[in-house]
Each structure stands twice: as C-alpha cells, then as structure tokens.
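Throughout, read-outs are computed from the coordinates displayed, never taken from laboratory work. Model, not experiment: these values are computed from the prediction. Here the Cβ positions follow ideal geometry from the backbone for every residue, glycine too, while neighbour counts run over all protein chains shown.
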Amino acid sequence: MTALAQSLEKLEEAITQACRCAGRARHDVELMAVSKTYPAATIAEAAALGLKVFGENRVQEFAAKAPDLAPLRAEGAIAASDAPILVHLIGHLQSNKAARAVELFDAIDSIDSLRLAERLNDAAGKLGKRLPVLLEIKLSPEETKAGLDPESAEAAQLLEALPGLDHLELRGLMTIAPWGVAEDVTRACFRSLRQWRDKWAAAYPKLNLGTLSMGMSGDFPLAIEEGATRIRIGTALFGKRAPYAGPPD
C-alpha cells in the first residue's frame, strides 16, 4: 500500500467517525482533495484511489498541470470509476483572470464580489458553459483572508443579482476558519456559515445554497458537526506541502 493510500484509509476512518459522532451519514460529506503545490502525477494517483474532486489555489499553477490531467477530466475517463475528476478553484481569484479560470476549472468556489461574479458569468457565456460556483464568506477578522462580509451591502447586491447571471450555477457557501484559535472559536465560525446559509435560503428561495464547504485537515470534525457538506483536505492526505515557488497569480 502506498503512502497516499494509507493516508486516505486513515482519513476515511476519521471522517466516518466524525460523521458517526455527529449523527450523520458518511455519504452526506464530500471529500475534496486539496492538491495545490502537488504535481499532476500525485493527482492521478489520488484519482486512481477513487478521489474525484480536487481543489487548487492558483490559476497559473493549475494551468501548468492541466495538460497532463486532460485524460482524467474527459468524459469516460478511467480512474477508479468511469467518472472524470473535477477540479475546483478554491483560492482567491482576481477578476482580470476570470476568463482563464473559466477555461481551466470545473467550478469556482471563491466568489467574493459582484464584479467577479459578473466577469465569470460573461466568460462562461462566451464558452457556452454553465459554471458551478460557491460564495466565499469571511467570518474571521484576519486581514489575509478573502471573502464577502455577510452583513455588507456587497453581499446583498450579489445575492440579488445571482438569479440573473444565467451562466453561473450557485451551489452554496464556503469559508475558512481562523488559524490557531480555540476550538469554540472555530466551531462558532462554522456555525455562523450554516446560520447565514439558512437565513439566505429563506430570503432568496430561488438560490441553491445546499453546499457548505468548510473544514480542513485540522478542524474537519468540528465542521462536520456543524453541518459541512464538503470538507477540503490537503495535508492529512498528501503530507506537509512545500511552499509554492511558481509564478504569482
């Protein structure tokens, strides 16, 4: 058994246990493998083990990997099953890179402004594509974190505009918990995302807000307890990553 296979087996046991403790079914929580800084060969190995959804942080970085992954992303791809892998952009996206991102990725999970949403909608329309998206919500005070302030006018304007952006398919919300804080602070962040989802689902019934993408290697059990439908795992799967050394986005 390879190191990655061992890590996946251990991770699956931990996810199953977290679901059991939360009174949830394992199939209610999707595992996204965060493959940023890892080569295409590692993604292919993960796909062969049955992983199907991958998260990348940078447009430029993934553009270099994409040609090698093309066979795995095609309809009828052969990995552990006939389903092709899906690659989502989960990092901050500058609006001037929207067109390239739409070309490269199967979904964008980090919309944080109306301007970016409009750019993505235009780019997707030109490609005849309907693009799945998540809104990134900022629920911690760190200045380095991106995302929409849920109480801002920008958030309200974006939620109002989304039904008219025909080439975007809203699927839910994403957040990143603050680093190095007490467990109750992390839990409160995840709970807040769920509460905003419930509030907005009632206020904007035309929007699909079913996905709650929250929780990473160090805090996913708390996220599962608070309602995560997708967890984003990198280190616990692939090991400690080297810093990104490629061109800036």
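Some notes on this structure:
- Once Rg and the Kirkwood radius are both taken over the C-alpha atoms of segment 1-132, their ratio Rg/Rh works out to 1.01.
- Counting only GluC sites (Glu not before Pro) that DSSP places in a loop and that have at most 16 other Cβ atoms within 10 Å, the longest clean stretch of the chain runs over 152-249.
- Above-threshold pairs, the threshold being 29 Å between Cα atoms, out of LYS199/LYS240; LYS129/LYS240; LYS65/LYS199; LYS145/LYS240; LYS10/LYS129: LYS199/LYS240; LYS129/LYS240; LYS65/LYS199; LYS10/LYS129
- Shown for the chain are the DSSP H helices of 27 Å or more along their axis, judged by Cα atoms, with a mean Kyte-Doolittle hydropathy of at least 0.0: 3-22.
- Sparse-neighbour loop sites [chymotrypsin sites (Phe, Trp or Tyr not before Pro); segment 158-224; at most 14 other C-beta within 10 Å; DSSP]: TRP179
- Considering only ILE176, LEU51, PRO221, the residue lying farthest towards the positive end of the dipole of the chain is LEU51, judged by Cα position with unit charges set on Cβ.
- Each pair of Cα atoms in segment 121-205 enters the Kirkwood radius, and Stokes-Einstein at 25 °C and 0.890 mPa s then converts it into a translational diffusion coefficient of 173 µm²/s.
- The mean sequence separation of alpha-carbon pairs under 8 Å and at least six residues apart, normalised by the residue count of the chain, gives a relative contact order of 20 percent.
- This structure gives mean projected area of the Cα convex hull in nm², computed directly, and of (1) 12.4; (2) 13.3; (3) 11.3 that value is listed as (2).
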